[in-house]
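This report concerns only the one structure given below.
Nothing in this text is a laboratory measurement; each read-out follows from the coordinates by a stated rule. Only a predicted model underlies this, so the values are computations on that prediction, with no experimental measurement involved. Virtual Cβ from ideal backbone geometry, glycine too; neighbours counted across all protein chains shown.
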2 protein chains.
Amino acid sequence: MGNLRLGIAGLGTVGVGVVKLVESRQEAFINMFNKTAMITAVNARSKSRDRGVSLDKFEWFDDARELAKSSSIDVFVELIGGDEGIARESVTIALENGKHVVTANKALIAKHGVELAKIAEANNVALMFEAAVAGGIPIIRVMSQSVIANEITHIAGIMNGTCNYILTTMAKEGRDFKDVLAEAQAKGYAEADPTFDVGGIDTAHKLAILTSLAFGTEVDFDSIYIEGIEENTAEDIKNTDNLGFNIKLLGMALKTPNGIEQRVHPALVAKTSSIAAVDDVNNAVYIESKMLDGIMLEGKGAGEGPTASSVVGDILQILRGQIEPVFITPVAKLKPYEKARMNRHEGGYYIALNVKNKVGALAAISERMAEFDISIDSLIQQKDDGDDVVIPVTIITEETSESEIRAALKKIDNDGFLASHSRVIRIEKFA
Amino acid sequence: MGNLRLGIAGLGTVGVGVVKLVESRQEAFINMFNKTAMITAVNARSKSRDRGVSLDKFEWFDDARELAKSSSIDVFVELIGGDEGIARESVTIALENGKHVVTANKALIAKHGVELAKIAEANNVALMFEAAVAGGIPIIRVMSQSVIANEITHIAGIMNGTCNYILTTMAKEGRDFKDVLAEAQAKGYAEADPTFDVGGIDTAHKLAILTSLAFGTEVDFDSIYIEGIEENTAEDIKNTDNLGFNIKLLGMALKTPNGIEQRVHPALVAKTSSIAAVDDVNNAVYIESKMLDGIMLEGKGAGEGPTASSVVGDILQILRGQIEPVFITPVAKLKPYEKARMNRHEGGYYIALNVKNKVGALAAISERMAEFDISIDSLIQQKDDGDDVVIPVTIITEETSESEIRAALKKIDNDGFLASHSRVIRIEKFA
């Protein structure tokens, strides 16, 4: 294969970053590969907008779908975004027309990855998406090129910078979720509609992709159990900090006897674990396997440079002629995703209760825990600040099942001893 | 290419790990690649030793050099060790006979990598060594497959588990180097002759390899500036801890206007940096580039599972037919390594002085610093424990040059105000 001609669809931050990076690295690419990848055509909504880079020497396309089938390109770089519409249509057209596709579109791959992989493999072209998961962290390459030597048992990632920034700031400054979110929005770290990020959906898109790679199963976004960080309180963060934990929004996939768990939710992680130290907008992915023990990759999960970097990394793999099955295992051999039901999840739990100062309240709570065979690792009865009417109680349980926790808390909530609804956060352990 | 036949030379911990891993993953490899890598022949010093795995079905070779040219293998897996002798000979023979080579031998690659790469590339075979640097951390793959999109400016690694264990234990328990080393030796964490590890040589071998990959230069182990951890004291660790730093033995390569710095030495790293949190026997490598910002990979740097895992990762890349130039850039195009002289290094410094309690001592020290244009960021005069005869003084400098620090300290040492020789540790900054 000679030089590779690139068509860039979408010229936002990442698209412009790709243009800059590819242009600046021509000499290095030729030195390494004796050939290069060069941009020949571009597409965006507005041709006239000033993007700080000259696009004069590239062929212009008003419609990404036209670019996708143009004879001027070998690789279609999709940086439009969205899991339907133009992005899905143009990627499909590109693959059907024998173009390799590189994309940063996690929603598209999480929702339609298997279907698109079929088209790619039928046409013997690459469909690559390193930039879709954890931005600049080369997690896809590490999984597909290195970790496949092993049987993976556990992956866990901090994969949304907005959530990690909010949780880190809540912890550092003792502030509440809504307050920090508003500030993040003002600073441009969070979207005007933050649901996608703080609700855990973005993390779940990325997790769906990693699960498929890790376990050789079909991508199944719809089966993921998702909780966001909206309910996290400054009080929980303070309580768990005292107990030696940080709270992180994790996307996790684990092999269990009941199938594969895919979960996105806030989790308590021991301060001594590496993942607990991943702060602010940083992302990290932890992978555990039978032989490798745990490895962790940390870096920037978003932004022009890191994301463009991953896009160009994919382009270079195509330049080297390394065309691989989309999800490592050929799509025809991917197993169906076998879901482990959330009710059967086993782990430790943090439980926060605001108990009314009544005789027998604590005894009643302890009885309910015993009724469902829940062993208590520690129970802290906080001193009340003033009126002695409500006493905050923090419980850390030993390993127990989700169904028992839910059943016990339902009864405790109904017993009438609580001043407000019980709060619960799962505890995650790392090797 | 069909199945790949492996010859394993060396059946120590890692060799046995490779046998176990390859055997246990046959079904997975066939599912992923529709072909497999299988062991056909082995070599070690003793055939009869019980290694906990059956070797009956493999052809036995008494001499690694015979295995290296055997028609029974496609890949020669060198796990003998040592930069000369049988390891070097057998790898050379294997490459000359058109066999791919996978090795975990950092000394061999650090010393003879360029020469071996020439033979590999002339014979159109792979020479791979993921396991040679940071054990189970896929740093070679990340650099050669992903980070090459960028211009790398800075790499820094904790790449020797023994040193990191010793420094971590010294810090946690306030104990001195010799004491902790003796314990590590008793526990089997450190060799009877620890020079290779604690003297920084092992780290330098790994650094030499990373530098070549990062900057497209010839491997040049002999140009590395090396200091070990033997001189680190519990007192320095306590002082720097109070100032917000941990001490780590780092291997570093940086692009500077004077050339490329390659250095191995203990360094102060801010506790807020990710690398400061890498404890005990763990390894980590940090890479910074113009577009990607910093990424860090952390994991186990040694041991049966992690090292075998990296060896098998390399084997799978060969199975996929992805034969690459040994140091990313073809060996003929590697630039000579342009050494930045250590004297011209610029950075912050931690200086510890035991000052005699004499009139004018501190003034004399301050004057010497001023004489060499060294700006002081902070100076802490410790309270003396008892006799008031010697006062410990800790200085953190602003950015200055190595030559000025050395010249100033030489004069301060000679001025007669110190009760013992000055101690100095460099400060490293991370983005």
Using alpha carbons only, how many angstrom separate the centre of the stretch B:377-428 from the centre of the stretch B:141-175? 28 Å
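Rounded, prolate or oblate, given the Cα gyration tensor of the stretch A:127-172, with a/c below 1.5 counting as rounded?
Values: a/c = 3.98, a/b = 1.87, b/c = 2.13.
Oblate shape, in that a/c is at least 1.5 and b/c is the bigger or equal ratio.
For chain A, state the average projected area of the convex hull of the C-alpha atoms over all orientations, rounded to one decimal in nm².
Averaging across all directions leaves 22.1 nm² for the Cα convex hull.
If you average over every viewing direction, what projected area does the convex hull of the Cα atoms of the protein assembly as shown give, in nm²?
Its Cα hull, projected and averaged over all orientations, spans 40.0 nm².
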Label-to-label distances across copies for residue B:420, with labels 7 Å out along Cα→Cβ, in nm, shortest first? 5.6
10 Å Cβ neighbours from other chains, averaged over peptide B:302-312: 4
Row for the stretch B:1-105, column shape: gyration tensor on C-alpha, a ≥ b ≥ c, rounded if a/c < 1.5 i.e. under 1.5, prolate if a/b over b/c, else oblate; value oblate
Put a point 7 Å out from Cα along the line to Cβ at residue B:403; what are the distances to that point in the other copies, in nm, shortest first? 7.5
In debye, nearest 20, what is the charge dipole magnitude of chain A about its Cα centre with +1 on Lys and Arg Cβ and -1 on Asp and Glu Cβ, if you could check? 1080 debye
About the Cα centre, charge dipole magnitude for the stretch A:139-300 (Lys/Arg +1, Asp/Glu -1 at Cβ), debye: 520 debye
Please list log₁₀ I(q)/I(0) at q = 0.09, 0.20 Å⁻¹ for the stretch A:139-300, using the Debye equation with identical point scatterers on the alpha-carbon positions. -0.29, -1.28
For label points placed 7 Å from Cα toward Cβ, what is the shortest-first list of nm distances from residue A:187 to its copies? 3.9
So which of A:300/B:248; B:187/B:238; A:255/B:300; A:248/B:206; A:383/A:410; B:178/B:410 end up more than 31 Å apart by C-alpha? A:248/B:206
Structure-based [θ]222 nm, chain A - -39500 (n - 2.57) summed over DSSP H runs of at least 4, per residue, nearest 500: -10500 deg cm²/dmol
Among A:174, B:108, A:348 the positive-end extreme of the charge dipole of the protein assembly as shown (Cβ point charges): B:108
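Please say if the stretch B:272-350 is rounded, prolate or oblate, where rounded means a/c under 1.5 for a ≥ b ≥ c the square roots of the C-alpha gyration tensor eigenvalues, and otherwise the choice is prolate for a/b larger than b/c and oblate otherwise?
Details: a/c = 2.24, a/b = 1.21, b/c = 1.85.
Here the stretch B:272-350 falls in the oblate category.
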The relative contact order of chain A, taking Cα pairs under 8 Å that sit 6 or more residues apart, comes to a percentage of 16 percent
So if R0 is 56 Å, what FRET efficiency would residue A:182 and residue B:230 give, r being the distance between their Cβ atoms, rounded to the nearest 0.05? 0.55
Given unit charges at Cβ for Lys, Arg (+) and Asp, Glu (-), the dipole magnitude of the protein assembly as shown about its Cα centre in debye, nearest 20, is 1880 debye
Binned at 10 Å starting from 0, the alpha-carbon pair-distance distribution of the stretch B:313-415 in whole percents comes out as 12, 31, 17, 10, 12, 12, 5, 0
